[in-house]
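The values are calculated or read from the model by the stated rules, or taken from the named source; none is laboratory data. What you see is a predicted model, and the numbers here were worked out from it, not measured in a lab. Cβ placement follows ideal geometry from the backbone for every residue including glycine, while neighbour counts extend to all protein chains displayed.
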Amino acid sequence: MGQVFSGLEPGDSITLLDLGPGNSDTLKFLTQFRTRVYFADLMAHPALHAPPEDATPDELKQIFEEQLDLPDAVALDVCLLWDYLNCLNTNLLEALSSVLAPRLRPTARAYGFGTLYGQKPVSSRFGIVNLDQLSARPMHLALPFIPHSQQRLNEHFPVFNSTRGTLLQQGRLELLFEKS
């Protein structure tokens, strides 16, 4: 997590997108910066749980535009992707990538999880306690689990390159992304 915020000092201004529903730990952590935060609660949109099989790329992109609800001029510095990329099939990953691409600063970074061989479904809502510690609260929502390797994420989520992966328990990967 620390590398996502490396180079930032307390009081620096950042714009952050959290694909989760929001977390008090994350908000408390971010008080050290002048932060504009957007929470998307990505999994709250019914179409993301079961997208229409015949949806076009433009229709999938529209779903993300509506759920993210970002102002046109927003320029994101940090994206907290958490486990949510493992809930999206490759068509949805590509649609999300295309929505995020024009909204990222050239130095934008992201943080999330992939999988090497794990079979653990998305079951926690994460928050940032500090640069070395995350909080995890149980999620009471059944989400699809579509595990993605670091390589697959690089192929189907081209807005970011996965630049660092750390193997965690149960085959999960902690991933640092930088804008492509």
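Every residue in the range 155-174 that is part of a strand (DSSP E or B) and more than 16 Å from Ser98 (Cα to Cα), please.
First, the residues of the range 155-174 that are part of a strand (DSSP E or B): 160-167, 172-174.
Within the range 155-174, Ser162, Thr163, Arg164, Gly165, Thr166, Leu167, Arg172, Leu173, Glu174 meet the criteria.
A quick yes/no check of all residues on (1) outside any strand (DSSP E or B); (2) surrounded by fewer than 14 Cβ atoms within 10 Å (Cβ to Cβ); (3) polar (S, T, N, Q):
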site	(1), (2), (3)
Glu94	yes, no, no
Ser97	yes, no, yes
Tyr111	no, no, no
Leu143	yes, no, no
His148	yes, no, no
Leu153	yes, no, no
Leu176	no, no, no
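Out of all the residues in the range 116-124, is one or more surrounded by 15 or more Cβ atoms within 10 Å (Cβ to Cβ), of a type outside the set (A, V, I, L, M, F, W, C), over 29 Å from Ser13 (Cβ atoms) and at pLDDT 85 or above?
no
Just to verify a result, which residue in the range 27-53, among those that are under 14 Å from the mean Cα position of the chain (by Cα) and at pLDDT 90 or above, is farthest from Glu65 (Cα to Cα)?
It comes out as Val37.
For Phe64, only one of the following conditions fails: (1) surrounded by 14 or more Cβ atoms within 10 Å (Cβ to Cβ); (2) more than 15 Å from Leu85 (Cα to Cα); (3) touching a helix residue (DSSP H, G or I) at 6+ places or on another chain (Cβ under 7 Å). What is its number?
Of (1) surrounded by 14 or more Cβ atoms within 10 Å (Cβ to Cβ); (2) more than 15 Å from Leu85 (Cα to Cα); (3) touching a helix residue (DSSP H, G or I) at 6+ places or on another chain (Cβ under 7 Å), only one is false for Phe64: (2).
Suppose we keep only residues that are crowded, with 18+ Cβ neighbours inside 10 Å and within 25 Å of Gly2 (Cβ to Cβ) within the range 155-164. Which one would you say is modelled with the lowest pLDDT? Break it down into steps so the answer makes sense when it comes.
Restricting attention to the range 155-164, the residues satisfying the condition of being crowded, with 18+ Cβ neighbours inside 10 Å are 156-157, 159-160, 162.
Remaining after also requiring within 25 Å of Gly2 (Cβ to Cβ): 157, 159-160, 162.
On the way: Phe157: 96, Val159: 97, Phe160: 96, Ser162: 89.
So the residue we want is Ser162.
So which pairs qualify, if the first residue must be in the range 122-133 and farther than 19 Å from Asn86 by Cβ and in contact (Cβ under 8 Å) with a residue 60 or more places away in the chain, the second must be among the polar types (S, T, N, Q) and part of a loop (DSSP other than H, G, I, E, B), the Cβ gap must be under 6 Å, and the two must be at least 6 apart or on different chains?
none
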